[in-house]
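Down below is the structure, laid out as structure tokens.
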Amino acid sequence: MEKEIAIYIDGIYYPKSNAKISVYDHGLLYGDGVFEGIRAYEGIVFKLREHIERLYLSAHAIMLKIPLSKEEMLKAVIETLRKNKLTNAYIRLVVTRGVGDLGLDPRKCPKASVIIIADSINLHSSSAKEKGISTMISWVRRNTVDSTTHEIKSLNYLNSILAKIEATATGVDEAISLDKIGCVVEGVGENLFIVKDGKLFTPPSSSGALSGITAKVATRIARSRGLEVFETRITPFQLFTADEAFFTGTAMEMVPIREVNSRQIADGKPGPITKKLMAAFQKVIVDPNEGVPIYS
Ligand code: PXG
């Protein structure tokens, strides 16, 4: 029998089948918590410090005290990967408000819970990267910055899940959300870029998008190649008529968008700039200087 993965919950490792939290945990009852999705490539945890930094910023925004220092959190992530003997992995870091009562009041939750899941990843077929994916703009608006904004990587993802359900029901690969004024913001768990006349554009986090770590890397790669990158609102028209479009995210990495609401993007094939950035990205993710080694 295959050995079960060991999951970290508040400093103790449990086999997957026995890794459980209380039904009184406010993460479950109210989506009250924060998370990160992180990847390790060839023994290097890509941008681990940046993910931990963002986790603490999300926690700060919801006034959640994480019971570990950032350095302790980093060590716990590395230890969990070692315990599971992983070199390539997907890591889910979750901090919930912890156990409380059946009321909303977070003061009833004396201690936050830290969960670290490090699992192997099934690399999806490369056809999405080679051919691009189909998308649709969803009726589900991105939550605004004065509500449960995706700037905070909280456990409140119903907004993204509803958009994903719609994409699936419609028969396309992914959904794109709009902000309140009708400009495109991002995918359900991916940032969005378009290319027009050799320049890159991506919506700002002030439109309710997560400040993506992959997006930052993609921006850096583009700028290092002399391409200009602008953070600006993008209208549906600008997306429909872009020369190229792509998503960035930890899970998806970089994926070309070939279609939006049945409208082909340019000739419907991944564009030259997207392909160049994707190739450069594949080199960056295995660069030891871009992350934290698991075994050293
Ligand atoms: N936007 C949102 C709303 C996200 O949740 C991204 C963009 C991309 O950010 P990074 O930092 O990963 O480049 C995310 C990130 C998954 C999964 O499929 C990934 C995310 C969220 C939920 C699920 O594992 N992430």
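Residue 292 satisfies every condition listed in (1) in a helix (DSSP H, G or I); (2) more than 14 Å from residue 187 (Cβ to Cβ); (3) not charged (D, E, K, R) except (1). It is to be established whether one or more residues within the stretch 201-212 are assigned to a strand (DSSP E or B) and in the same structural domain as residue 134 (by TED's automatic domain parsing). There is at least one residue in the stretch 201-212 that is assigned to a strand (DSSP E or B) and in the same structural domain as residue 134 (by TED's automatic domain parsing). Looking at the stretch 104-127, which of the residues that are modelled with pLDDT of 95 or more and small (Gly, Ala, Ser) is surrounded by the fewest Cβ atoms within 10 Å (Cβ to Cβ)? Among those that are modelled with pLDDT of 95 or more and small (Gly, Ala, Ser), it is 113. Taking the residues in the stretch 227-276 that are among the aromatic types (Phe, Trp, Tyr) and open to solvent by 30 Å² or more (accessible area, probe 1.4 Å) as candidates, determine which candidate is farthest from the chain's Cα centre (by Cα). Here the residue is 237.
The criterion of at least 2 residues that are among the polar types (S, T, N, Q) and modelled with pLDDT of 95 or more is met by the following strands (runs of 3 or more DSSP E) wholly inside the stretch 133-194: 133-137.
Every condition in (1) part of a helix (DSSP H, G or I); (2) of a type in the set (D, E, K, R); (3) surrounded by fewer than 18 Cβ atoms within 10 Å (Cβ to Cβ) holds for residue 54 except the one numbered (3).
The set of residues from the stretch 79-103 being within 16 Å of the ligand (Cβ to nearest atom) and open to solvent by 30 Å² or more (accessible area, probe 1.4 Å) comprises 88, 90, 92.
The set of residues in the stretch 59-72 that are part of a helix (DSSP H, G or I) and either out of contact with any Phe, Trp or Tyr (no Cβ under 8 Å at 6 or more places or on another chain) or open to solvent by 90 Å² or more (accessible area, probe 1.4 Å) (or both) comprises 59, 60, 61, 71, 72. Is there a residue being open to solvent by 40 Å² or more (accessible area, probe 1.4 Å), in contact with a strand residue (DSSP E or B) (Cβ under 9 Å, 6 or more places away or on another chain), β-branched (Val, Ile, Thr) and more than 30 Å from residue 63 (Cβ to Cβ) anywhere in the stretch 143-163? No: the stretch 143-163 contains no residue that is open to solvent by 40 Å² or more (accessible area, probe 1.4 Å), in contact with a strand residue (DSSP E or B) (Cβ under 9 Å, 6 or more places away or on another chain), β-branched (Val, Ile, Thr) and more than 30 Å from residue 63 (Cβ to Cβ). Filtering the stretch 8-48 to residues that are under 15 Å from residue 74 (Cα atoms) and either within 13 Å of the ligand (Cβ to nearest atom) or buried (at least 19 other Cβ atoms within 10 Å of the Cβ) (or both) leaves 8, 35, 36, 37, 38, 39, 40, 44, 45, 46, 47, 48.
Checked against (1) touching a Lys or Arg at 6+ places or on another chain (Cβ under 9 Å); (2) aliphatic (A, V, I, L, M); (3) away from the ligand (no atom under 16 Å from the Cβ), residue 62 passes all but condition (3).
The values are calculated or read from the model by the stated rules, or taken from the named source; none is laboratory data. Here the structure is a predicted model, which is why all the values come from computation and not from measurement. Heads up, the Cβs are rebuilt from the backbone with ideal geometry, glycines too, and the neighbour counts pull from every protein chain shown. Ligands, DNA and RNA are stripped out before the accessible areas are found, and what is left, the full protein with its side chains, is counted by its heavy atoms. Shrake-Rupley method; radii C 1.70, N 1.55, O 1.52, S 1.80 Å.
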